[in-house]
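Take a look at the structure below.
Just so it is clear, none of the values below were taken in a lab; they were calculated from the coordinates. A quick note: this is a predicted structure, and the numbers were derived from the prediction, not measured. Note that we place each Cβ from the backbone using ideal geometry, even for glycine, and neighbour counts take in every protein chain shown.
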Amino acid sequence: MDARRLYKSTPATDLTDLPPLGNDPESLIKDFRRFYSHHLGRDKNCRTAHYLYEALVLTLRERLMERWKNTRYAYQDSRCRRAYYMSLEYLMGRSLGNAVLNLGVVGEVGEALHQLGLELEELAEEEADAGLGNGGLGRLAACFLDSCATLQLPVLGYGIRYRYGMFRQSIRNGEQLEEPDHWLRDGNPWEIERPEFSQRVRFGGRSEVKRTADGRLSARWLDTQDVLAVPYDLPIPGYRNGTVNTLRLWSATATDEFDLGEFNAGSYPESVAAKNDAEKITMVLYPNDASESGKELRLRQQYFLASASLQDVLAQWIGTEGIDLASFADKNVFQLNDTHPAICVAELMRLLLDDHVLGWDEAWEITCRTMAYTNHTLLPEALEKWPVPLFEQLLPRLLEIIYEINARFLAEVSRRWPGDHERLRRMSIIEEGPVPMVRMAYLAIVGSFSVNGVAALHSKLLSEGLFRDFFELWPHKFNNKTNGVTPRRWLAWCNPGLTELITETLGEGWPAHLERLRELAPHADDGDFRRRWHQVKQQNKQRLAELVRSQCGVDFPLSAMFDVQVKRIHEYKRQLLNVLHVIHLYDRIKRGETTDWTPRCVLIGGKAAPGYFMAKRIIKLISNVAQVINSDPAVGDLLKVAFLPNYRVSAMELICPGTDLSEQISTAGKEASGTGNMKFMMNGALTIGTLDGANIEIREEVGDANFFLFGLTAEEVAEQRRHYDPWGIIGADRDLRRVVQLLQSGHFNQCEPGIFDPILHSLTSPQDPWLVLADFRSYVEAQRRAATAFRDRDVWTRMSILNTAFSGRFSTDRTMEEYNAQIWKLNPVPAAP
Ligand SMILES: *Cc1c(COP(=O)(O)O)cnc(C)c1O
């Protein structure tokens, strides 16, 4: 049995040439019943929700399948230029609702299920989130794919099919517990395994360079341990346009030969161990966000993705264009999502030099014309570096190539700045030190024709700071592409109430032309429209309150302001500043300062990296503060606090529609862009935020009057840091002093003495890089302005409408159009009719 073996003769007819499937409720019902009974083999005695869900997926998948094939054929026939999105992470969430929406069959599926006594929302709950990412970076990749399909751009996503995705978080005694996320346990009906496109990936061994008869240097990579990469394809439907693009995820297995030697020697267990070793590579997603841990297995994952994907693209090229690679760079472009796939630069060189026997200059030109790099962070600790000895042992041939790239690059720097040894040391791809390191970001910049940041401020800070030397050398490479989110999932699907109201007002089609939301602005002055807008918000708050009730056991009254901060727990995101404000509100209630009070429900959620001590302690603080406040009868409904466990995509789909106030309070200059901020804005939440990341552009769009701004600017942060005096700030602020005293007195940890000392220590340290206390006063005042505005329903609802109305710029359709116009330069390919 070999799924890769081609059938010898051609079948007499095109086996895929089938009549189109009907989308009317009757056809859907017929297929649904056939899948449930004849395919899944279920009957009236085992009506579990899961198989009903699966029968529905199969019904829809059939309809995607014909569009998918037509899209592949259309790309093939047009011989179009293509882009490949290279990412170690895709935070896809659930696919069912998105497929129904994008296929344009919401009404038909609803009607079909209704006739069967079923409900789409209930079946959709059966699907496990595909949590193959940590947070913003992985979710961005998922939104990009949705927009590329919607714009009919020939873009294929490459990633890893982790057997275990982002861990499941639960809270025990206020602390985070991590459990494995076995998301494939019940199978994944969306994926199509394609062993016929498997690729071999090599590790270890040694490199041998020889001079050939014609005088060329020829390298061979010998004695390697090989792993097989097997692709699993997921359909990515465009919004009502017939296009279905592909996300190709690689899974590692042992090669057939790998275990044969052992097996013949009679060591059956060892031969199976080899299989386990190979499969380890794609076993688990590293749960680090914005920091890398330098583990060998992680480098293996990165190389595995790079090598399998590049070989796949080259194999496709040779299959359709032949062995001549002269026009390869005209037809292909690779977008590197952060430095995680940066090894692509060296791997493409290796494939071109060693496997396709091109000369260095020709190979380098192809590489530099096909690679483009997106940076996602300004935190220096998140810039990946790999120890040279690890590289040497795991990827010896790749290290040789990196040395050669570096030598030629440094020669170029020397020609430009003769004698500037300090600059050479700074810019070298190899960082000197007791253990020399490979700087992956520099490899990516040197090997790419485009380097972009993800919001205007971030891109500016990259060229002025982190990558300044490279900007001086190659200013033309640097550009900005402000992030977005897909309005299909993050408005049309997750907020049906608002979608109905918007469609009634603007007509159909706006989810693919989000700038049209502007036309809502005049309606902000219409009292009847405001009343209906508010009604929808209240219904969404009800759904969110039910989630909080079931997950946290806390009751959120619907008349209160829902104040929400959900995102990864990180010191730079400053959940601590939020907690300080909550403690301040509690203190005001306790001292009786409650005239003109705005009742508030504060919801905080997010995962902490398992090895990040401070982040985990922050979760504990939030939980303890919530416990004290919620159980104090003097507080009552004036203030509620909850920590929502296991924040993920499907939770955000309930959270952002039900939020009044969106917390985007990072230290200015630290959040590259943020995308949570955009989801909230689209759903009519108002932002309280710093001048950081895309907050700046959000405020520009919606106007200062509809945004609660506070805090130091990025420049002021840099300045303050040099003479930061937290005790001086505490001394000058009575409210802050009382908050700090409550923490010091152990008010929130009466039975757990000292557990919050590390937090107090960090808050009061002149070395605190996040300057939490510096923004406290300004934050409290912005919160007061928000509370006052919320008390006037008309004022608030007007601002809410305007936030949605001016969120059009933050559709990833706009982002992808910019990537395409300035980096990829692809032509859209319409789907076959
Ligand atoms: C949007 C999203 C993020 C990113 O949120 P930020 O506030 O931009 O950090 C992270 N996780 C999930 C599940 C998301 O949906």
Can you work out the FRET efficiency for the pair Glu381 and Thr320, with r the C-beta to C-beta distance and R0 = 45 Å, to the nearest 0.05?
0.55
Express in nm, to one decimal, how much length is gained between Val435 and Arg211 on full extension, taking 0.36 nm for each residue of separation and deducting their alpha carbon distance.
77.5 nm
When the Karplus curve 6.51 cos²θ - 1.76 cosθ + 1.60 is applied with θ = phi - 60°, which whole-Hz ³J(HN,Hα) does each residue of the stretch 668-676 get, with x for Gly and Pro?
4, x, 10, 8, 4, 9, x, 10, x
Run the simple label-point estimate for Asp792 and Glu193 please: 7 Å along Cα→C-beta, distance reported in nm.
6.4 nm
Would you grab the residues whose amide H sits under 5 Å from the one on Arg168? Only those 5+ places off in sequence or on another chain, please, with H modelled 1.01 Å from N.
Glu179, Asp181
Provide the FRET efficiency to the nearest 0.05 for the Asp525-Thr595 pair, computing r from the beta carbons and using R0 = 25 Å.
0.20
Which of the lysines could a cross-linker bridge to Lys537, judged by Cα under 29 Å and excluding same-chain residues fewer than eight apart?
Lys567, Lys573, Lys607, Lys640, Lys679
Pairwise FRET efficiency - Glu175 versus Ala732, Cβ, R0 = 41 Å, nearest 0.05
0.75
With 0.36 nm assigned to each residue of separation and the Cα-Cα distance removed, Asn23 to Glu125 gains 34.4 nm
Multiply the residue separation of Gln115 and Thr16 by 0.36 nm, subtract the distance between their alpha-carbon atoms, and state the gained length in nm to one decimal.
32.5 nm
Residues meeting the amide H criterion for Phe562 (H placed from the backbone, H to H distance under 5 Å, 5 or more places apart or on another chain) are Cys601, Asp660, Leu661
In whole Hz, the Karplus estimates of ³J(HN,Hα) for the stretch 238-247 (6.51, -1.76, 1.60; θ = phi - 60°; x where Gly or Pro) are x, 7, 6, 10, x, 7, 10, 8, 10, 10
Cα-projected label distance for Leu222 with Glu781, points at 7 Å along beta-carbon direction, nm:
7.3 nm
Counting sequence-distant residues (5 or more places) and residues on other chains, those with an amide H built under 5 Å from that of Gly605 are Gln565, Val566, Lys567, Leu644
Starting at the first residue of the stretch 162-179, write each ³J(HN,Hα) from the Karplus equation 6.51 cos²θ - 1.76 cosθ + 1.60 with θ = phi - 60°, in whole Hz, x for Gly and Pro.
5, 5, 10, x, 4, 4, 7, 9, 10, 10, 10, 6, x, 10, 6, 10, 10, 10
Ranked list, fewest to most other Cβ atoms within 10 Å of each Cβ, for Met427, Met86
Met427, Met86
Enter the Cα centre distance for the pair the stretch 503-561 and the stretch 77-124, rounded to the nearest angstrom.
23 Å
Which residues does a label at Arg518 reach in the stretch 804-828, if reach means a backbone N under 19 Å from a point 7 Å past the Cα toward the Cβ?
804-818
Beta bridges per DSSP with both ends in the chain, % antiparallel, nearest 5
45 percent
Using only DSSP helix segments of four residues or longer, with each worth -39500 (n - 2.57), what per-residue ellipticity at 222 nm results for the chain after dividing by its residue count and rounding to 500?
-13500 deg cm²/dmol
